[in-house]
Amino acid sequence: SVPFLIRLFPSVLTKFVFLNFLAFPFFVDFRRPELLVSNTISLSLSTEPGVTVGIWHTVPGSRGAEAQGKDQRWYEEALADAHPVIIYLHGNGGTR
């Protein structure tokens with residue numbers, strides 16, 4: 001009966017296999033990454049009309065002192081400099 005139920009309700013498969021409705025660690029505001037990871041800011045990218053992707057930009061420890069107290073504009077300019085950018089894709093959890 002389980003395969004039949006999964007066939008009828010594919011969202012059940014998505015919810016219980018991938019567990020994307022859970023945000024771990026619990027009770028953490030992922031919109032404020034500076035509380036979790038130093039030298040980090042939350043940004044949004046518009047990839048195509050109607051699609052926005054949330055990202056965290058974390059500068060390396062070597063630029064940590066320079067990043068202290070800077071605003072969003074500084075982080076955006078830091079993305080545009082000649083330093084390499086590493087993209088980390090965290091998986092299917094639905095949170096950063």
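Odds and ends about this structure:
- Output for the range 10-54, where each listed residue is within 23 Å of Gly64 (Cβ to Cβ) and in contact with a Gly (Cβ under 9 Å, 6 or more places away or on another chain): Phe30, Arg31, Ser38, Asn39, Ser42, Leu43
- Matching entry among Leu35, Leu22, Leu43 (being touching a residue at least 12 places away in the same chain (Cβ under 8 Å) and exposed (fewer than 12 other Cβ atoms within 10 Å of the Cβ)): Leu22
- Going through (1) among the aliphatic types (A, V, I, L, M); (2) loosely packed, with under 12 Cβ neighbours inside 10 Å; (3) modelled with pLDDT of 80 or more one by one, Val17 falls short only on (3).
The values are calculated or read from the model by the stated rules, or taken from the named source; none is laboratory data. Keep in mind that what you see is a predicted model, and the values were worked out from it rather than measured. No Cβ is skipped: glycine too gets one built from the backbone with ideal geometry, and neighbour counts run over all protein chains shown.
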